[in-house]
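**Student:** Sending over a structure as structure tokens; questions will come in a sec.
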Amino acid sequence: MALPIMAVLVFFLVLPIIMIVTVSFWQATEFSIIPAFDLENYEFLFGSNVTYRVFFNTFKYAFITWVFTLSIGFTVAYFLAFHIRSLTWQIALFLLCTIPFWTSNIIRMISWIPFLGRNGIANSTLISWGVIEEPLDWLLFSDFAVILAFVHLYTLFMVVPIFNTMMRIDKSLIEAARDAGASGAQILWNVIIPLTKPGIMIGTIFVVTLVMGDFITVRFMSGSRSANVGRLISNDIALLAYPSASATAVVLLLTVLIVIGLMLRFVDIRKEL
Amino acid sequence: MTKLSRRNVLKGGAAFAAGSTLGAPMIWAQNIKDVTLRQFGTGVSNLNDVANKVKEDLGFTLEMTALDSDSVTQRAATQPGSFDIADIEYWICKKVWPTGNLQAMDTSKIKNYDKIVGIFRNGKLTPDSTIAQGTAPHTVGFTEGPDGKGFVDNESGWMTLIPTIYNADTLGIRPDLIGRPINNWSELLNPEFKGKASILDISSIGIMDMAMVVESMGEYTYPDKGNMTREEIDLTMKIFTEAKQNGQFRAFWKSFDESVNLMASGEVVIQSMWSPAITAVKSKGVPCVYQPLEEGYRSWGGGIGLSAALSGLERDAAYEYINWYLDGWVGGYLMRQGYYSAVPETSKNYMSENEWGYWFEGKPATDIITSPTGDALAQAGDVRDGGSFEERMGAVACWNAVMDENQYMVRKWNEFIAA
């Protein structure tokens, strides 16, 4: 049983990563790639303050998106798991949450652009209500727009695992807590959240890796005004600088692995599943 | 595959004998229908209408793939087996030619070679014009011989690319939202348009637009905009980074459609733009002008190159295609979109007098001008932005270019976008 899975993993995961690591030490000119062992790509990467700024930006997007997707995702899952009594309604409402996901990522993202634009629906509505006099420029092509799109795109990835773990919480534990005199807030904090941790952690891993690896959302929603690591890589690829793109990809991969490693130290997913 | 029999060999021999005595077209008419040529290039000239017309006029199949300029460069440089004909820009040629993926073309097989405009042969539009800065097409248009790997500065008889399409680019503006005349490139950074300007995020072209702006502001005069030193790149980027941080730019665009949307929605009132994008904005009923500026135009040119692997019947078909390309039908089609053809005089045969007058001679239209797809672009009495061919192509200040310090420039460009 294990052999086919191993073969697939080696062929489609391990080999490509080895390739990327190898190429990251190569050199490139405008039209050719030269096999070599040279640390120049890494030297440039670590020597440029753009790298640090861009990595900071990437973490910033990941963190803010995480905060919002977690609070929205947790609330939605909590409502579905504990406030909806009938299983039929739970399934119906859960499916309702997934409806936006029947269209493609890109379409859901781009549809924000006319909505948030200078003469878009959001601005004209606010003006007609008299809330603002001049259109708000920061609604579109800004960090606000980027994070809005991320939250919109990825909240479901929080809802699903959290809802899943919540459904498996033994209801008698909650009753026991109530019998022992715990308030609603205490039950939430001392019973539900600790038992939902694995779900939260899985959702967090989804959201953080998706946001850190993204490039297209940042490009479209910031109007190319902001950059994250994904955009650095995509720019390099577009300009045929594969070695330098590989070096950036290796650093990004390591960063994401470290972040996930840290998170797994807090929660042992395997034990709690 | 047919079995090789004595009978077939004899038949083949007879056909060969007939072919050699009666002239090549005999064989070619038999086999040409089986030929398929794979062409790729930017969306600009990779049009299905052209492929359909080739099938109709020449009988063989042309498969078109349209990509953006970065992907085009990438494919031409790294996947030589994936195409027969590369439809690329001259600055891309400068990058791709040294890889040996393209083969030199014999100009004696090009029927209309003598009629190709001077820009692509000796660099001069008229005998007394000066050659603009940057990667001027004629500097990378010729190689030393059939196996040439370098470029030569004379008409050697072996071309790297056969020129097909070119134009002079400038800034696009929304006259209705600006409400005053715009005459200089420096207006792009005018604080009056804070949060309403845009520039394209394609480094090799964007840097040239930046250079035009910097010169126009009087900040610096480049000895050669097309080949900047590191200090010059730093200086240019510094000026634009400051402007970016002050909120001058609403967005940066990378694809044609993005530029159209930014302009049509009013997010942006002044930006770098390409000619058909202006047409697209206008056809939505939104006023948009391709504003001629005092400092001149930033120009670009494209051409067709043959894959090094192309030989035999396929190569003959490719030459046939090139000759057909320069024969006027495509030229007329492209000129009606606002581009120029490498052999304008043959295109004239495929355009009405009104169209020729409006697009090429800069005369007021005598009737409605429509695009090849039928949208009205101008009414009777309208004059083309920038005027005639000579006025526009004669005012070119620089060509799209690849610099010696290209890699440094690209890294600085990344910094600018991340700033």
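The values are calculated or read from the model by the stated rules, or taken from the named source; none is laboratory data. Note that the structure is predicted; figures quoted are calculated from it, not measured. Cβ placement follows ideal geometry from the backbone for every residue including glycine, while neighbour counts extend to all protein chains displayed.
**Student:** Quickly run through the stretch B:355-367 and pick out the residues that are out of contact with any strand residue (DSSP E or B) (no Cβ under 7 Å at 6 or more places or on another chain) and on the phi < 0 side of the Ramachandran plot.
**Tutor:** Matches in the stretch B:355-367: B:356, B:357, B:359, B:360, B:361, B:363, B:364, B:366, B:367.
**Student:** Helices (runs of 4 or more DSSP H) wholly in the stretch B:11-87 with at least 1 residues that are at pLDDT 85 or above, away from chain A (no Cβ under 14 Å) and closer than 30 Å to residue B:350 by Cα - which ones?
**Tutor:** Correct list: B:48-58.
**Student:** Can I ask one more? State which residue is surrounded by the fewest Cβ atoms within 10 Å (Cβ to Cβ) when the search covers only the stretch A:20-54 and only residues that are more than 10 Å from chain B (Cβ to nearest Cβ) and in a loop (DSSP other than H, G, I, E, B).
**Tutor:** Looking at the filtered set, the residue picked out is A:37.
**Student:** Of these, A:146, A:159, A:67, A:131, which one is surrounded by 19 or more Cβ atoms within 10 Å (Cβ to Cβ), away from every other protein chain (no Cβ under 14 Å) and not basic (Lys, Arg)?
**Tutor:** A:159
**Student:** Quick check, is residue B:275 within 14 Å of chain A (Cβ to nearest Cβ), surrounded by 17 or more Cβ atoms within 10 Å (Cβ to Cβ) and under 28 Å from residue B:120 (Cβ atoms)?
**Tutor:** Criteria not met by residue B:275.
**Student:** Scan the stretch B:220-246 for residues that are among the polar types (S, T, N, Q) and either under 15 Å from residue A:117 (Cβ atoms) or within 13 Å of chain A (Cβ to nearest Cβ) (or both) and report the count.
**Tutor:** Selection size over the stretch B:220-246: 3.
**Student:** Separate question: Residues to consider are A:123, A:57; find the one that is over 24 Å from residue A:210 (Cα atoms), assigned to a helix (DSSP H, G or I) and at pLDDT below 95.
**Tutor:** A:123
**Student:** Which members of the stretch B:298-348 meet the condition of being without any contact (Cβ under 8 Å) to a residue 60 or more places away in the chain and either under 30 Å from residue B:210 (Cβ atoms) or assigned to a strand (DSSP E or B) (or both)?
**Tutor:** Answer for the stretch B:298-348, where residues must be without any contact (Cβ under 8 Å) to a residue 60 or more places away in the chain and either under 30 Å from residue B:210 (Cβ atoms) or assigned to a strand (DSSP E or B) (or both): just B:335.
**Student:** Another question about this same structure. Take the stretch B:134-145 and flag every residue that is in a loop (DSSP other than H, G, I, E, B) and closer than 13 Å to residue B:305 by Cα.
**Tutor:** B:141, B:143, listed by residue number.
**Student:** Pull out all pairs, ordered by first then second residue, where Cβ-Cβ is under 8 Å, the residues are six or more apart or on different chains, the first lies in the stretch A:249-263 and is in contact (Cβ under 8 Å) with a residue 24 or more places away in the chain and among the small types (Gly, Ala, Ser), and the second is in a helix (DSSP H, G or I) and surrounded by 15 or more Cβ atoms within 10 Å (Cβ to Cβ).
**Tutor:** A:249/A:20; A:249/A:233
**Student:** Looking for whichever is within 21 Å of residue B:196 (Cα to Cα) and surrounded by fewer than 20 Cβ atoms within 10 Å (Cβ to Cβ) here; the options are A:120, A:213. Which one fits?
**Tutor:** The unique qualifying residue is A:120.
**Student:** Right, another one. Against the definition (within 14 Å of chain B (Cβ to nearest Cβ) and not charged (D, E, K, R)), how does residue A:232 come out, yes or no?
**Tutor:** Yes: the conditions hold for residue A:232.
**Student:** Additional query: Within the stretch A:217-242, can you find the residues that are within 20 Å of residue A:25 (Cα to Cα) and assigned to a helix (DSSP H, G or I)?
**Tutor:** Across the stretch A:217-242, the qualifying residues are A:229, A:230, A:232, A:233, A:234, A:235, A:236, A:237, A:238, A:242.
**Student:** Kindly check whether there is at least one residue in the stretch B:376-389 that is part of a strand (DSSP E or B) and among the hydroxyl-bearing types (Ser, Thr, Tyr).
**Tutor:** no
**Student:** Of all the residues that make up the stretch B:134-143, how many are more than 17 Å from the chain's Cα centre (by Cα) and over 9 Å from residue B:159 (Cα atoms)?
**Tutor:** 0
**Student:** Within the stretch B:247-266, restricting attention to residues that are of a type outside the set (Ser, Thr, Tyr), at the interface with chain A (Cβ under 9 Å from one of its Cβ atoms) and more than 22 Å from residue B:413 (Cβ to Cβ), which residue is surrounded by the fewest Cβ atoms within 10 Å (Cβ to Cβ)?
**Tutor:** For the stretch B:247-266, the residue satisfying everything is B:266.
**Student:** Is it fair to say residue B:352 is in contact (Cβ under 8 Å) with a residue 60 or more places away in the chain and either more than 14 Å from chain A (Cβ to nearest Cβ) or of a type in the set (A, V, I, L, M) (or both)?
**Tutor:** It is false that residue B:352 is in contact (Cβ under 8 Å) with a residue 60 or more places away in the chain and either more than 14 Å from chain A (Cβ to nearest Cβ) or of a type in the set (A, V, I, L, M) (or both).
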